[in-house]
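Presented below is the structure to which this report refers.
The values are calculated or read from the model by the stated rules, or taken from the named source; none is laboratory data. Keep in mind it's a predicted model, so treat the numbers as computed, not measured. Backbone-built Cβ (ideal geometry, glycine too); neighbour counts: all protein chains shown. All accessible areas refer to the heavy atoms of the entire protein, side chains included, with ligands and DNA or RNA removed. Shrake-Rupley method; radii C 1.70, N 1.55, O 1.52, S 1.80 Å.
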There are 4 protein chains.
Amino acid sequence: MQLGLVGLGKMGFNMRERLRRGGHEVIGYDPRPEVTDVPTLAALAAALDAPRVVWVMVPSGPITRETITALAEELGEGDLVIDGGNSRYTEDAPHAELLGAKGIGFIDAGVSGGVWGLDEGYGLMVGGADADIARVMPIFDALRPPGPREDGFVHAGPVGAGHYAKMVHNGIEYGLMMAYAEGYELLAAEELITDTQAVIQAWTNGTVVRSWLQQLLAKALKEDPKFVEISGYTEDSGEGRWTVEEAIAHRVPMPVIAASLFARFASRQEDSPAMKAVSALRNQFGGHAVKRISESG
Amino acid sequence: MQLGLVGLGKMGFNMRERLRRGGHEVIGYDPRPEVTDVPTLAALAAALDAPRVVWVMVPSGPITRETITALAEELGEGDLVIDGGNSRYTEDAPHAELLGAKGIGFIDAGVSGGVWGLDEGYGLMVGGADADIARVMPIFDALRPPGPREDGFVHAGPVGAGHYAKMVHNGIEYGLMMAYAEGYELLAAEELITDTQAVIQAWTNGTVVRSWLQQLLAKALKEDPKFVEISGYTEDSGEGRWTVEEAIAHRVPMPVIAASLFARFASRQEDSPAMKAVSALRNQFGGHAVKRISESG
Amino acid sequence: MQLGLVGLGKMGFNMRERLRRGGHEVIGYDPRPEVTDVPTLAALAAALDAPRVVWVMVPSGPITRETITALAEELGEGDLVIDGGNSRYTEDAPHAELLGAKGIGFIDAGVSGGVWGLDEGYGLMVGGADADIARVMPIFDALRPPGPREDGFVHAGPVGAGHYAKMVHNGIEYGLMMAYAEGYELLAAEELITDTQAVIQAWTNGTVVRSWLQQLLAKALKEDPKFVEISGYTEDSGEGRWTVEEAIAHRVPMPVIAASLFARFASRQEDSPAMKAVSALRNQFGGHAVKRISESG
Amino acid sequence: MQLGLVGLGKMGFNMRERLRRGGHEVIGYDPRPEVTDVPTLAALAAALDAPRVVWVMVPSGPITRETITALAEELGEGDLVIDGGNSRYTEDAPHAELLGAKGIGFIDAGVSGGVWGLDEGYGLMVGGADADIARVMPIFDALRPPGPREDGFVHAGPVGAGHYAKMVHNGIEYGLMMAYAEGYELLAAEELITDTQAVIQAWTNGTVVRSWLQQLLAKALKEDPKFVEISGYTEDSGEGRWTVEEAIAHRVPMPVIAASLFARFASRQEDSPAMKAVSALRNQFGGHAVKRISESG
């Protein structure tokens, strides 16, 4: 089928390619002339046959909001917009309402798989009305990995449910990565272990901890066995924070995912204000030496 | 090749079967007459051709220690013992020494895979001398999953390294399970999500969080979608505790795995003494009502 | 000076008494006839000499909002409202704006001290304009404990700063209580310790951990040495949740206060859905027995 | 009464002074000539009237062990040794046995108060036999703060109980400091708060979080309001690690104290190996940029 695709960055660019491989007609729009198929959003709308389906794949937050607002102008009755970015699920209802006022449908889609999705397919979690989702199913089927549909795609609930499921997915991802990372650090610290990479590699088949992330960790260690070239400075893109906020809102204890999030915050601090306070306290009561900044190299 | 196997419980029973399927001759000993091949440990030693190889697959702690002590009596120069149970790695050097005094070799082997190992193969992490390991390699190759050897087997280092690697493996396992569990609880608490099982099932292909544990969680939810029949009471078998203790010994921050361990401890308390103290404190300073035990149903 | 006081519950009732002991004229309003001085809010406004000062001491959330909205009707140009409840600081700017539109000033005041404040004085953290705060200083001085003003009172910043400081105060309080509680639980679990209460009592003078909470814990244990009559079920009143949310917004790692909050959430669950998932997983891969609900007593 | 005191460092030096102020005769031994009263341990033993009491106040671990072993040689039947250092409680029974073989009694004493103890008195937690403790009570009474004995002294149980109580005391101390430190960091990050020091100072009287540590934090901030001169690098001296290990041994959930300990470990890492692994993983699956070490300043 035919699809308009707004945003041809790391994710959107590959998705266009995968959809074309799947036999679909994709007209992509991106402000960068070297990747776009049409010069403007208006040109995109004009190039599509009504009723039109437009997939938005741009950074979450203001850019998504502006794009959907602009699409509400360009599209009309019977058209459909899919937000496939990492929007916070609370954005979805307002977007659906904005579009709905013009008779335009809305689906929120969480998309997982990163740079590997082009060849392996993307895991999809979507929210919206049954009829809207049925209409786009050929696109979802082309994007998702081969195999049973239910293993790579879920209609998670009404509008918002797709992004909610993706948010939780990413929160879990934080925890999984940190669990492997802690184990890696301990293995690397223990003299008995002669080859940390080989141990993690050997978990690929048969073990309880085997996973895609485990294989990627083995691969990363093969490329740089002690991570000498990689800093621990780690960004976060919102979903981890939102997951913990949702846990608080639902009174769900979430020690593991929260600890993983806090470790990212800490990784971006040159020095910890909290630990400065602890160090100052130890000095106050015990006369314990503090490391003075002025003494550091 | 020929192998003696002591301990035919949940793990050992299946391993005997997998090894026999692989064309090896296995003579098993277990105190339970209905599963054993020979009546006594002495009979096992007598039935094996020298130089003998005996795999010990019994509960860690005193039973392993007694078994190895008994084998030191039954076996002799040139024989080899493998401890495949979940022994703490600190037990390995003493066992190697005890056996070494009689000229008996020792390998420690961490074995992962649970009840699935029979058909899928077991992930193996072993510690010991090169020559000893080379000698048993046909057994390891029959136990491990098919595919490249390095994806399901590792010679992790000298005696102790196999159990160390397995300990860390299990510590990571605690963290992974808790990350999924927290995400599951949040999904189940959110009204937007119409089918928690379907969401987790849909992570099987293409997503970043796909893993064997994720598939097992989807499977478990299929059998009991709200876990109405399962209590949260969760045992721990030592490796998680040891992993955190090793982290402390190595000054490795380990918030995620420690939190997962503490959640298990808490799951086994009828009421939390610590939270009783918090509740009592709130009552003291704020006059906040406490829930009196005598008021409970 | 003269003060109107709305809300004569556990906190407001005692504050009226302390202010009267301090020589101030307090006219209190509360819907409960047995404690109120005037029959209605309108009667309160009428009974006060202009320019009027009214302290609001009611539950945070909708009731505070309604009370302030009603006061905006009853009061006028040059009057002043103080919100002394545990409102979220984000409520303060809207309240200030609502009142400011009528020429009414606004101060937000965090009040700590609980039931002990009547005799010992209340710790006060306030936000607002210098002139407004100067005007009410006699009231603050009467409410706060004796001693240097800066040890029991702070003008923390503009509108919102008082409640922000109080929120952080309460977040810290969660962490402090949990630290004592964990230590208590360990002492109580250790056979060497013959009298847990006596140990905690002995920390009152000279030790690094001496504090008011420590004394209250010793007192609580004196009344019920094993907390047999107290359930671990522990409510939270918002500030802990808000503190962790602010930490996330500011990218501040907050493992201790977050863990304390999650422990409260967990204390209110009959069984943990997350631990059910962990237990189910262990059963799936290891054939580990799960505790079936149907087997429980 | 008369007391021998071995170890005249930061703690022992002040304790000698406080005991002398209290009218006791103290003969101190320390290898440093500028502080010692006698040239050797043998000279100390010779200078004391039998039955002798010797207080050991040296670093825990090997130095304590050597000192007690040496004292077992120098002292005899009816004498008494007190270990007042921060020994792990598991050291106490062996020390008691070693000394007991010579008829020498043993008391373990946890001493809190740091550099402030000289003037304010030391909090004391002791373990041992009733008769031994009764004999040294005048010393304990001189060291402890004035006021009721039970507020600054406890006979916590048999040998080992004193150090156990002190260990838990210090574990709690870790948690308390971290709770204040997290709150401090959040206050300092929030623009509404104009003076973080003033807020923390204002908690001194009347609030729920008032404590000695809170006062020290206010004092430290007065000296260096943004801790510009203090590094977050924070040592730990054993008790925190041992407390978490004891929690594990007793299956006591201890999220807050463990998190405080892990934060200290992290404070001493130039970069986090675990976070390098997380960063490498994000790069692997998402093509997320990693901060390359070679790009850093």
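Scanning the range A:15-45 for residues that are basic (K, R) and surrounded by 17 or more Cβ atoms within 10 Å (Cβ to Cβ) yields A:R16, A:R18.
Restricting to the range D:263-276, and then to whatever is basic (K, R) and more than 7 Å from chain A (Cβ to nearest Cβ), can you tell me which residue is surrounded by the fewest Cβ atoms within 10 Å (Cβ to Cβ)? Per the criteria, the residue is D:R268. Residues in the range D:140-179 that are surrounded by fewer than 24 Cβ atoms within 10 Å (Cβ to Cβ) and hydrophobic (A, V, I, L, M, F, W, C): 2 in all. Taken over the range B:46-60, the criterion of being closer than 19 Å to B:A134 by Cα, of a type in the set (A, V, I, L, M) and surrounded by 14 or more Cβ atoms within 10 Å (Cβ to Cβ) is satisfied by B:V53, B:V54, B:V56. Just give me the residues in the range A:200-233 being more than 24 Å from the chain's Cα centre (by Cα), in contact (Cβ under 8 Å) with a residue 24 or more places away in the chain and buried (at least 22 other Cβ atoms within 10 Å of the Cβ), in sequence order. Result: no residue meets the conditions.
Table: residues versus (1) of a type in the set (D, E, K, R); (2) in contact with a Ser or Thr (Cβ under 7 Å, 6 or more places away or on another chain); (3) more than 14 Å from every other protein chain (Cβ to nearest Cβ).
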position: C:A101; (1), (2), (3): no, no, yes
position: C:V111; (1), (2), (3): no, no, no
position: C:A142; (1), (2), (3): no, no, no
position: C:R149; (1), (2), (3): yes, no, no
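Any idea which residue in the range C:247-262 is farthest from the other protein chains (Cβ to nearest Cβ), counting only those that are open to solvent by 20 Å² or more (accessible area, probe 1.4 Å) and part of a helix (DSSP H, G or I)? Filtering first and then ranking leaves C:A249.
Filter the range A:234-246 down to the residues that are open to solvent by 20 Å² or more (accessible area, probe 1.4 Å) and either more than 7 Å from every other protein chain (Cβ to nearest Cβ) or modelled with pLDDT under 95 (or both) and list them by number. A:E235, A:S237, A:W242 - these are the residues of the range A:234-246 that are open to solvent by 20 Å² or more (accessible area, probe 1.4 Å) and either more than 7 Å from every other protein chain (Cβ to nearest Cβ) or modelled with pLDDT under 95 (or both). When the range C:70-101 is filtered for residues that are among the hydroxyl-bearing types (S, T, Y) and part of a loop (DSSP other than H, G, I, E, B), only C:S87 remains. Select from the range A:154-207 the residues that are closer than 30 Å to B:A161 by Cα and either of a type in the set (K, R) or more than 7 Å from chain B (Cβ to nearest Cβ) (or both) and list them in ascending order. Answer for the range A:154-207, where residues must be closer than 30 Å to B:A161 by Cα and either of a type in the set (K, R) or more than 7 Å from chain B (Cβ to nearest Cβ) (or both): A:Y174, A:M177, A:A181, A:Y184, A:A188, A:E191, A:D195, A:T196, A:Q197, A:I200. Just wondering, is there one or more residues in the range B:277-289 that are facing chain C (nearest Cβ under 7 Å), over 30 Å from A:Y174 (Cα atoms) and of a type in the set (S, T, Y)? Yes, the range B:277-289 has at least one match.
If only residues of the range C:183-199 that are out of contact with any Lys or Arg (no Cβ under 9 Å at 6 or more places or on another chain) and of a type in the set (D, E, K, R) are counted, the one that is least open to solvent (accessible area, probe 1.4 Å) is C:E190.
The set of residues in the range D:102-147 being among the small types (G, A, S), assigned to a loop (DSSP other than H, G, I, E, B) and touching a helix residue (DSSP H, G or I) at 6+ places or on another chain (Cβ under 8 Å) consists of D:G113, D:G121, D:G128.
Every residue in the range D:2-26 that is on the phi < 0 side of the Ramachandran plot and not in a helix (DSSP H, G or I), please. Those that are on the phi < 0 side of the Ramachandran plot and not in a helix (DSSP H, G or I): D:Q2, D:L3, D:G4, D:L5, D:V6, D:L8, D:G9, D:G22, D:H24, D:E25, D:V26.
Are any of the residues in the range B:54-66 farther than 28 Å from C:H288 by Cβ and at pLDDT 95 or above? Looking for residues that are farther than 28 Å from C:H288 by Cβ and at pLDDT 95 or above, one finds none in the range B:54-66, hence no.
Quickly run through the range A:51-69 and pick out the residues that are among the β-branched types (V, I, T) and in a helix (DSSP H, G or I). Result: A:I63, A:T64, A:T67, A:I68, A:T69. Every test in (1) more than 16 Å from the chain's Cα centre (by Cα); (2) surrounded by 24 or more Cβ atoms within 10 Å (Cβ to Cβ); (3) over 18 Å from C:I193 (Cα atoms) is passed by D:A96 save one, and that test is (3). Within the range D:30-44, residues that are within 15 Å of D:L3 (Cα to Cα) have Cβ atoms under 8 Å from residues that are part of a loop (DSSP other than H, G, I, E, B) and among the small types (G, A, S) in these pairs: D:D30/D:G7; D:D30/D:G9, counting only partners at least 6 apart in sequence or on another chain. Among the residues of this structure, C:A156 counts as one that is more than 28 Å from C:A218 (Cα to Cα), in contact with a Leu (Cβ under 8 Å, 6 or more places away or on another chain) and part of a strand (DSSP E or B). Can you confirm whether C:K226 is closer than 30 Å to D:Y89 by Cβ, out of contact with any strand residue (DSSP E or B) (no Cβ under 8 Å at 6 or more places or on another chain), of a type in the set (D, E, K, R) and assigned to a helix (DSSP H, G or I)? No: the conditions fail for C:K226. Condition check for B:G287 on (1) at pLDDT 95 or above; (2) open to solvent by less than 50 Å² (accessible area, probe 1.4 Å): one failure, at (1). All of B:E245, B:E235, B:E270 fail the test of being within 26 Å of C:A189 (Cβ to Cβ), touching an Asp or Glu at 6+ places or on another chain (Cβ under 8 Å) and not hydroxyl-bearing (S, T, Y), apart from B:E245.
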